[in-house]
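Okay, so here's the structure we're looking at.
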Amino acid sequence: MNLVRTCLAASCLLGFANIAGAGVVSVTPATATALQAGGATTPTPHSIVYQPAASGETTNNFSARLVYNAAVLTAILDAPGGPGNLTGSCTLGAAGSITIVSQNNFAANLAAGTICQVAFSSVASAALGASPLDLQADAALGEGCLPFPGNPDPTCTFVDASVNIINAPPNTNLSYAPAAGSTISFPTGVALTVQNSSITVTGTGTVGAGTVSGCAITGAGAASFGPAPANLSVNGGATGALALTCTLPNSGGAATATLTCTETDADTPAGASRTWNLSCPQGTPVPGPGYSSTPAAGSNLTCNGAPGSTVQTNIAIANNGNAGAGSGLNFTCTTSGAPFSIVSGGTATGLAVGASQTVIVGCLAPAAGAPAATGTVSCTTNAPGGPRAYNLSSLGVVPLQRPAVVSATSTWSQLALIALLAGLGLAVVGFRRGN
């Protein structure tokens, strides 16, 4: 049953928030600027963002209301659904109110991301200064994070923001340390531990704020890095930081990726891309077993032979892990398929790092003309990566019958050859005399 596909009202969503606990719903950046009515500068948009709690507590859906002073501000919504990774809806309600209802209509955790965006412009003769944006739960919409019947009610933290109405264009520009385009190398340490780094963002100017938003981490090693930095707003004369983390790899060298963010400030009012190279060094290896083999797991092994004969093939298994306590390699290999069996070396306990053991597999070749027998060797192990498997194939091959050959190296064969040549010589002489 997929009833949630047509559940759009908040009252219907009550049935699909099945996790007690929640995260943070915020309006970002904390402060944006808008020129007094008549100014030409495009207002800085705010994003409505959901972020699960660090403890892992989430909700399936939430609803809220963003309240603003309609006598001072006019709201401008982006396209329904928002630009982020959530399916959401923000709609204009009564004057000074925006309704926000996430539309994650499935029994699954609500993903972090942007619900929608809204920009504010000032109305004519609006007073200069900050005008608050109040994000609040609303009983008519289900009281914030929506509960699952029978579970304790989840709780959402709502973070407000404001719009600063000014009578001069913003002149705040952003700079970074380390500079955009450079490489950020994380500290070394023990493998599989988390290391921290950051980018300091400084605002230069006196009017308005610059923002860094939409950060993403991409590249071959992206999985080693923590979540991309959250959106950041920095006023002129202030500083902020983009927080970064990485988990040091246990093997394979440094993990590398690219951080890309959008900068919006006085000299890039439409937004500009800023990138940094990220390098997370391989940590000091943690002791543990490793599994390698010749041939490699997944290979095809053949053991063809005379029909009914027993033919052998083998697999050399080695421990390529990191030495230390608990690094011994354990494995047990078994075969499937009637003609195949483990002859020797099918188990090992505590095989030391650098040592190897040969597993010999016996194959009973099928009858002549019969199809090839197939099977597998499967080796369970305490090394990371789970069981390893190899494909087996055996075919009965009839040897070719070759005619008997008299060796030309024996004394009798040499005498016979001499006699034959002599006879041919006498025959040729007699033929010539007869003519």
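Please treat every number below as a calculation from the coordinates, not as lab data. Since this is a predicted model, take the numbers as computed values, not measurements. FYI the Cβ positions are ideal-geometry reconstructions off the backbone, even for glycines, and counts take in every protein chain you see.
Which length gain, in nm to one decimal place, applies between Ala168 and Val194 when the Cα-Cα distance is subtracted from 0.36 nm times their residue separation? Please report the intermediate quantities before stating the final value.
Working: separation 26, 0.36 × 26 = 9.36 nm, distance 4.46 nm.
Gain on stretching Ala168 to Val194: 4.9 nm.
I need Ile184, Ile317, Ile98 ordered by Cβ neighbour count within 10 Å, fewest first.
Fewest to most other Cβ atoms nearby, the residues stand as Ile184, Ile98, Ile317.
Suppose each label sits 7 Å from its Cα in the direction of the beta carbon; what would the Ala94-Ala124 distance come out to in nanometres?
Each label point is offset 7 Å from its Cα along the Cβ direction, giving 2.6 nm.
How do Thr381, Thr200 rank when sorted from fewest to most other Cβ atoms within 10 Å of their own Cβ?
By the 10 Å Cβ count, ascending: Thr200, Thr381.
In nanometres, what is the gap between the two model label sites at Ala367 and Thr157, each 7 Å from Cα along Cα-to-Cβ?
7.6
What order do you get for 128-135, 356-363, 293-300 when each peptide is scored by the mean count of other beta carbon atoms within 10 Å, highest first?
356-363, 128-135, 293-300
Within 10 Å, count the other beta carbons around each residue, average over each peptide in 250-257, 111-118, and list them highest first. All intermediate terms of the calculation are to be shown ahead of the outcome.
Numbers: 250-257: 16.0, 111-118: 20.5.
Descending packing order for the listed peptides: 111-118, 250-257.
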